[in-house]
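Let me begin by presenting the structure, written as C-alpha cells, before commenting on it.
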Amino acid sequence: MEDILISVVVKVYNHEHFLLDSLPSVINQSYNNLEIIVCDDGSTDKSQEIIKTYAEKDNRIIALMAPKNEGLCANFNKGLDRCTGKYIAILDGDDIMLPERIEKQAKVLESDPKIGICSHDMEVFDSDTGEKLYNFSEKYRHYSNPKDSIFFTNWFFKKKLFRSCPSAMMVRSDHYRLFRYDARCPVLSEFLHGIDMYAHNPKKKWHTIPEVLGKWRKHLNNMSNSNLNAETHSIKALEETFIVFGIAAARYPQYAKEIKNTLLFRYYSNLIFGWLPVKYQKQHEKQFRTMGGNMMFIFLKISQFYLKLRRNRTNIR
C-alpha cells in the first residue's frame, strides 16, 4: 500500500506554541509516502519560521505561506488545490496525530471504494496541563449514515449530537475536492461542504474507526472560541446558520424538506436553550412561528416550560 501517495493538509494560524507537537506527529507517521502541505494563513507569530525549519529538513513538506491573513476558507482551499494524493488527511496546526492514524485510515478507504470519508475517535486534552478531558465518543455520535448526520434533528433530546472534527478526517481526493469551503460562512463552511458532498453522491459511505488516533487540543484560541461578546456571537452564529441552509436550499431543492426541518431544529435549539439575547427572544419566537406553524410554536412553548420546570427542581435539590 506504500505506493499510494497520501496528502496531508495542515492548517496553521498563529500556532507557534503547538507546531513542535503537530508537525512531528505527521512526519513520524508509520505510513511514509506522504506530501505534507502546511498552509499558513499569514501568521503574525513565529509559525512561518518554524514551518520553514521543518521544510528544510523534510522534502515531503510543502510550505504555503500567505503574506497576510485571508481567512480559514481561503487558507484551506489553497491546500486542497495543491493536493495530488489519492487520499487527503486533515490536521489543524494545534492538534496531534497518533503514529498509526494515516496507515489505519488508508486501509479502511482501500478496503471499500464506497467509503468517501473515514474519521476516528479523538481524545480532547487541556493544552495548559496536558490532562485528558474526554474522548469524542463519550459525548458525541460517530458519523455513519451521511444523511442522518447532515440533516440531524433531535426534538426530544434523547440522542447524542453528531460532531465532526476536521483533524480526524481522511477523505477520497476525487470526492472531497469537487467542492470548496465557502467564505460566506467561515464557521459553518465545513458543514456546507458536507452537504455538497452528500448531495453530489448520496451513496458514498462515511465511516468512523472506533479508536483514538488523534488528540484535539482545547485552548483559549480554538476556532470555536470567539473574541466577540456572547450576545454578538450568538446572533452572528444564527445569521450564518440561515446563510448555509439558504445556499443549500437553492442548490439542492430535492432536499428542501430535510433542509427546512434541520433549520427549524437549529432555530428551536437556540430558542429553548436561551442562546439568543433575551431582548430578541420574542421577535425570534414570532419568526419561528411563521416558519414552523402553530403546532411547532406550541411545541416550543411546552419545551420551554418543561425545561424551566426541570431547572427549578434541580435548584431546589
> Take the residues of segment 168-197 that are over 28 Å from Ile235 (Cβ atoms) and out of contact with any His (no Cβ under 9 Å at 6 or more places or on another chain): which is surrounded by the fewest Cβ atoms within 10 Å (Cβ to Cβ)?
Replying inline: Asp174
> What tally of residues in segment 24-37 results from selecting those that are more than 15 Å from Lys104 (Cα to Cα) and either assigned to a loop (DSSP other than H, G, I, E, B) or free of Cβ contacts under 8 Å to residues at least 40 places away in the same chain (or both)?
Replying inline: 3
> Looking at (1) closer than 28 Å to Lys203 by Cα; (2) free of Cβ contacts under 8 Å to residues at least 12 places away in the same chain, which is the one condition that is false for Glu131?
Replying inline: (1)
>> If Val124 satisfies all but one of (1) in contact with a strand residue (DSSP E or B) (Cβ under 9 Å, 6 or more places away or on another chain); (2) surrounded by fewer than 16 Cβ atoms within 10 Å (Cβ to Cβ), what's the number of the condition it fails?
In response: (2)
> Which of the residues belonging to segment 70-81 are in contact (Cβ under 8 Å) with a residue 40 or more places away in the chain and touching a Cys at 6+ places or on another chain (Cβ under 8 Å)?
Replying inline: Asn75, Phe76, Gly79
> Limited to segment 39-61, what total is found for residues that are among the β-branched types (Val, Ile, Thr) and either surrounded by fewer than 18 Cβ atoms within 10 Å (Cβ to Cβ) or touching a residue at least 40 places away in the same chain (Cβ under 8 Å) (or both)?
Replying inline: 2
> Is there a residue in segment 2-16 that is touching a residue at least 60 places away in the same chain (Cβ under 8 Å), in the same structural domain as Ile209 (by TED's automatic domain parsing), assigned to a loop (DSSP other than H, G, I, E, B) and on the phi > 0 side of the Ramachandran plot?
Replying inline: yes
> When only residues in segment 265-310 that are in contact (Cβ under 8 Å) with a residue 40 or more places away in the chain and among the hydrophobic types (A, V, I, L, M, F, W, C) count, which is surrounded by the most Cβ atoms within 10 Å (Cβ to Cβ)?
Replying inline: Leu276
> crowded, with 23+ Cβ neighbours inside 10 Å, touching a residue at least 40 places away in the same chain (Cβ under 8 Å) and closer than 24 Å to Pro210 by Cβ: does that describe Ala106?
Replying inline: no
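The values are calculated or read from the model by the stated rules, or taken from the named source; none is laboratory data. Computed from a prediction, not measured in an experiment: that's the story for all the values here. With ideal geometry, Cβ positions are generated from the backbone for all residues, glycine too; neighbour counts draw on all protein chains shown.
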